[in-house]
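Just so it is clear, none of the values below were taken in a lab; they were calculated from the coordinates. All of these numbers come straight from a predicted model, not from anything done at the bench. Neighbour counts run over all protein chains shown; Cβ positions are idealised from the backbone, glycine included.
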Amino acid sequence: MRLFIAEKPSLGRAIAENLGKGTSKDGCIELNNGQDIVTWCFGHVLEQYDPGEYDERYKKWAMDDLPIVPDEWKLKVKKDAAKQFKIIKELAKKADYIINAGDPDREGQLLIDEVLLHIGNKKPVKRILLNALDQKSVVQALGDLRDNKDYTGLRDSALARSQADWLVGMNLSRAYTIKSRDAGYDSVVHVGRVQTPTLALVVRREEEIRQFRPTTHYVLQVTWQHENGSIPTTWKCKPDMEGLDSENRLLSKEIAEGLLSKIESAANHGDGAQIIAVEQKKKQEGQRLPYSLSTLQVEAGRRFGLSPQQVLDAMQSLYEMKLTTYPRSDCEYLPTNQLSDAAAVIRNIEGISEEHLDEFAARADVKIVSRAWNDAKISAHHALIPTTVPADLTKLSDEQKKLYLLVVKAYLAQFYPIHTYQATKVIISCADEEFVGNGKTILTMGWKEIYQKDKKDPNEDGEEAPVLPAVAEGDVIRYDHGVVKEKVTTPPKRFTDATLLQAMKEIHKYVKDKELAASLKECKGIGTEATRAGIIEGLKKARSVATEKKYLVPTELGRMVISMLPDKITYPDTTALWEADLDRIADGSIPLDSFLTKQVDILNELLADAKNVQLQTNKDLPTCPNCGKPMRLRKGKFGAFWGCSGYPDCKTMAPDKKGKPDFAAKKEDKRTDKCPRCGKVLRQVKGKFGTFWSCEDREVCNAAFSDHKDKPVIVVCPECGKGYLKRAESKKKKGVYYWYCSDRCGAAPVWDKDGLPNLL
């Protein structure tokens with residue numbers, strides 16, 4: 001029996017549809033009289049241990065326990081996936097061999113492989129790679145099963161990413177949270193290998209905007225008249241002239257106006273103006289490449305204001321509807337064997353009247369092979385394209401429809417000619433000053449015909465180059481009109497979801513080390529196609545960034561986090577190098593163990609920085625009357641209270657009163673018997689459910705006792721002799737009370753008598 005294990009139910013059902021007649025059962029589909037069975041995961045059904053699950057002492061955050069580095073990495077079954085995991089395990093026992101049907105990427109490889117490793121599978125394993133779920137693609141993939149061992153590097157790369165993220169996140173988040181709490185801050189400081197440098201991009205961009213000082217400068221523009229037409233030009237300044245700043249911008253309006261008068265006078269009454277140079281070059285633009293996930297996310301953000309997560313979700317649904325290929329692709333190229341599908345795909349597009357796609361499809365030439373068709377550029381998957389399955393646009397949501405049409409247009413562009421034009425540069429001399437005019441003449445519209453009616457990118461500066469008349473060197477021209485334009489420099493734009501995602505992909509532009517930046521141009525950035533959207537959403541959920549209109553703005557918390565962290569963490573240099581190493585693990589150049597050893601060394605360096613960091617005390621918090629350190633509002637077992645940030649050296653505590661420590665109440669606290677568990681003093685406390693008695697060392701000893709007439713009731717459980725009786729109100733009958741063992745030993749409850757257990 002062949003057992004297919006898919007990444008998710010939709011993928012499992014798509015495979016089953018092409019295997020024969022099947023019968024749905026609990027968590028699987030049985031086909032061909034039991035010869036084939038298709039089951040599935042729900043994404044990752046396993047998750048990593050928390051530190052406290054490796055060792056009880058890690059449940060409390062302490063600097064002395066860092067670094068936490070597991071000797072042996074352990075996984076556990078997610079609670080909500082326990083049933084399905086059991087089904088997979090039982091089916092694997094019966095299988096002759098197993099087929100890994102995870103998504104064709106690192107994470108898809110890992111999430112099936114880790115299940116097989118967890119159940120101790122010894123059966124042979126094959127790999128199926130599905131870039132689309134239409135019948136033709138599935139049948140082809142079923143006929144081309146690979147040995148799963150060939151993808152060990154892909155699995156190890158995903159595993160390395162997961163473990164490195166755990167090491168950084170668990171250790172550095174604890175270290176900097178402890179440091180921040182010592183300084184009186186109460187928030188958890190989330191530090192992530194990718195998350196933190198991404199947040200830093202937003203914070204630094206905001207700082208650039210705050211420090212920006214606008215510069216007013218002047219541009220001289222003159223339009224000249226030639227017998228064949230007008231020539232718009234811009235004055236070219238002389239680098240050594242008066243009135244320029246360091247970037248050769250003219251800051252003096254008087255100088256600009258004087259130049260204009262000089263030019264006008266010379267052109268009309270002097271020697272006139274003459275063309276001194278004409279440069280013409282024939283240029284071409286190859287067909288735009290089809291979309292990867294990230295380029296589609298950027299484009300959809302620009303055009304439609306969709307977030308990266310919205311794009312990913314919509315493309316996933318289109319993939320499951322079999323209308324487009326695998327969405328989490330980082331590739332913008334196509335395999336040449338896909339050319340055989342072109343005619344069928346284009347026939348489908350001929351049925352789409354939206355944006356005149358039917359007309360464009362009718363004129364598409366399948367004989368044209370664009371630069372996108374390149375087998376050398378293909379790895380695990382290819383660019384996003386439509387499948388051979390016809391789309392009914394009326395059944396798509398607005399988001400799905402918009403994205404589907406973008407993908408379709410990019411695909412059609414591959415079957416249109418290259419865009420060609422003639423670029424012209426004219427240099428004009430007048431009164432010893434030079435003016436430059438640039439223009440273009442379109443020779444072949446080609447693939448750009450499909451995009452002619454698209455709106456111009458509002459983020460693009462400048463205007464479309466004009467068409468210039470036919471001119472020649474030495475031609476005499478006359479002055480038509482001129483103008484001095486006042487311009488003001490603008491600050492850099494805040495990031496949107498889309499432009500931040502683009503920055504994550506083009507991370508070499510933001511690397512601090514310039515030599516490293518040059519070497520990382522070929523790096524695919526930080527994060528992956530599948531994770532970048534989630535990282536941005538995670539920053540929002542952590543309240544590190546907020547959205548104002550469509551722009552991302554760092555919160556006070558976000559700025560505080562970046563200000564306290566060293567450059568090694570906040571700049572993407574190290575993370576970008578790690579990403580490059582992950583690629584090398586995938587291709588087998590670096591073993592997993594050596595990568596992790598290197599990460600531990602880096603982690604130790606980062607922890608040393610964390611332990612030595614000195615944070616400015618939070619001046620907004622009240623100070624401890626005993627040691628002067630900030631007091632922190634904490635949530636205890638019995639409600640909110642204030643504790644000294646110098647704990648355990650200083651154990652000062654005070655009850656909370658309207659968001660402030662009530663030190664006066666502390667002085668009036670009644671002290672009585674010693675705690676029977678630890679011997680320290682018991683203190684009377686007013687909690688959510690009334691007055692009770694608690695050990696003064698509440699963070700270490702959790703002993704608590706009921707109150708009776710301002711005295712603690714300390715009665716040992718008569719059944720077990722270990723716990724102490726505690727008073728509670730009956731849930732069934734209001735006003736009726738009973739006493740139960742604090743250790744929940746199972747002893748029968750003791751009924752209450754006048755506020756005491758009916759034993760006394």
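Numbers for the structure displayed
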quantity	calculated
Volume per residue that the Cα convex hull of segment 659-757 spans, once the total is divided by residue count, Å³	123
Among TYR551, PRO197, TYR740 the positive-end extreme of the charge dipole of the chain (Cβ point charges)	TYR740
Backbone N within segment 215-255 under 11 Å of label point (7 Å from SER261 Cα along the Cβ vector)	254-255
Segment 44-203, dipole about Cα centre (Lys/Arg Cβ +1, Asp/Glu Cβ -1), debye to the nearest 20	460
Two-site label geometry, GLU355 and ASP754: point separation in nm, points 7 Å out along Cα→Cβ	8.5
Footprinting exposure proxy for TYR411, TYR416 (fewest neighbouring C-beta atoms within 10 Å first)	TYR416, TYR411
Estimated vicinal HN-Hα couplings, Hz - segment 382-398 in sequence order (Karplus 6.51, -1.76, 1.60; Gly, Pro = x)	10, 4, 6, 9, x, 8, 7, 7, x, 9, 9, 4, 5, 9, 9, 6, 4
Nonlocal amide H pairs with GLY723, under 5 Å, H built at 1.01 Å	CYS717, ASP743
Residue (of ASN702, SER645, ALA608) at the positive-pole extreme of the chain, dipole from beta-carbon charges	ASN702
Sorted by Cβ density within 10 Å, fewest first, the residues TYR326, TYR737	TYR737, TYR326
Efficiency of FRET between PHE212 and LYS514 - r from beta-carbon atoms, R0 35 angstrom, step 0.05	0.95
GluC sites (Glu not before Pro) within segment 58-114, DSSP loop, no more than 13 other Cβ atoms inside 10 Å	GLU72
Neighbour-count order for TRP751, TRP224, fewest beta carbons within 10 angstrom listed first	TRP751, TRP224
Cα shape, segment 2-144, gyration tensor, a/c 1.5 rule	prolate
Ordering of 139-147, 681-689 by burial proxy (mean other Cβ atoms within 10 Å per residue, highest first)	681-689, 139-147
Residue-by-residue Karplus 3J(HN,Hα) for segment 330-342, coefficients 6.51, -1.76, 1.60, Hz, glycine and proline x	9, 10, 10, 10, 10, x, 5, 5, 6, 4, 5, 8, 4
Debye intensity ratio I(q)/I(0), log10, segment 331-372, q values 0.32 Å⁻¹ (C-alpha model)	-1.07
Cα pair distances of the chain binned at 10 Å [whole percent]	2, 10, 15, 17, 17, 15, 11, 6, 3, 2, 1, 0, 0
Length added when fully stretched, VAL369-LYS598, from 0.36 nm per residue minus Cα-Cα	78.0 nm
Loop-resident sites, segment 166-254, for GluC sites (Glu not before Pro), counting at most 10 other Cβ within 10 Å (DSSP)	GLU242, GLU247
Shape category assigned to segment 100-257 from the gyration tensor of Cα positions, a/c cut at 1.5	oblate
Whole-Hz couplings from phi, Karplus 6.51/-1.76/1.60, listed for segment 412-429; x for Gly and Pro	4, 4, 5, 10, 10, x, 5, 7, 10, 7, 10, 8, 10, 10, 10, 10, 10, 10
For the chain, calculated [θ]222 nm from helices alone, where every DSSP H run of n ≥ 4 adds -39500 (n - 2.57)	-10000 deg cm²/dmol
Förster radius 30 Å - calculated FRET efficiency between LEU443 and ALA344, Cβ distance, rounded to 0.05	0.40
Cα centre as origin, Lys/Arg/Asp/Glu Cβ charges: the chain dipole, Debye	4440
Approximate spin-label separation ASP313-ARG584, in nm, with each point projected 7 Å along Cα-to-Cβ	3.9
Inter-part distance where segment 570-584 and segment 43-93 are each reduced to a Cα centre, Å	26
Under-5 Å amide H pairs with GLN274, H placed in peptide plane, nonlocal only	SER429, ILE477
Extension reserve of the LEU145-LYS709 stretch, reckoned as 0.36 nm per residue once the Cα distance is removed	195.3 nm
Positive-end extreme of charge dipole, segment 321-415 - chosen from HIS356, LEU412, THR387 (charges on Cβ)	THR387
Cα centre as origin, Lys/Arg/Asp/Glu Cβ charges: segment 62-154 dipole, Debye	620
Cα→Cβ-extended label distance, 7 Å offset, between ASP432 and LYS731, nm	9.7
Computed lengthening from ALA82 to THR394, 0.36 nm per intervening residue step minus Cα-Cα distance	108.4 nm
Estimated FRET transfer efficiency when R0 is 25 angstrom, pair LEU75-ILE178 (beta carbons, to 0.05)	0.35
